[in-house]
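The values are calculated or read from the model by the stated rules, or taken from the named source; none is laboratory data. These numbers were taken from a predicted model, which means no experiment stands behind them. Note that we place each Cβ from the backbone using ideal geometry, even for glycine, and neighbour counts take in every protein chain shown.
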């Protein structure tokens, strides 16, 4: 089935009109984004740099709230525990600030917090494993679950959703395996003058 000359002309004009409309809409979208609120753009960049675990370990209810506080200058960029040093460096770069150094002994030697499941109480409902943002909980339905300590970020989401109250957050005893080996340096004060 071939198109007549008038039908072909109509199709070509429609294609050209759609192309021109696409160019105009693209231009308007680009112009609108360049005039957008720079604070909103900064918040979006900061939120994208965060891991998205929504664990609240930074002291804010989620990554968006932490990004907003960072953009407002009311929070330091080194509070994202799951993101680690790479996230801290990325946030500092976006903000154009130097990475804050926490010299307190508590920050250096505080062991990680992880969830543990009391398997004798766990009924295997799988609510915790569905809620875990990093898939650190293993187990099958109607069988006790367990937490992979290495993967757990200690967000507490599993504790909040467990109907059996068989999960708790505990601080790991510092060992060679779980110590924070990414320490930059330890400065000693006092001594020789």
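Things to note:
- Identity of the residue in the range 128-156, crowded, with 17+ Cβ neighbours inside 10 Å and in contact with a helix residue (DSSP H, G or I) (Cβ under 7 Å, 6 or more places away or on another chain), that ends up nearest to residue 52 (Cα to Cα): 132
- Cβ pairs under 7 Å, 6+ apart, first in the range 59-72 and more than 17 Å from residue 38 (Cα to Cα), second in a helix (DSSP H, G or I): 60/66; 60/69; 63/47
- Among the candidates 80, 122, residue that is under 30 Å from residue 139 (Cβ atoms), at pLDDT 90 or above and not in a helix (DSSP H, G or I): 122
- Only one of the numbered conditions (1) on the phi < 0 side of the Ramachandran plot; (2) touching a residue at least 24 places away in the same chain (Cβ under 8 Å) is violated by residue 16, and that is (2).
- Considering the conditions (1) at pLDDT below 90; (2) under 30 Å from residue 146 (Cα atoms), residue 3 is excluded by exactly one of them, (2).
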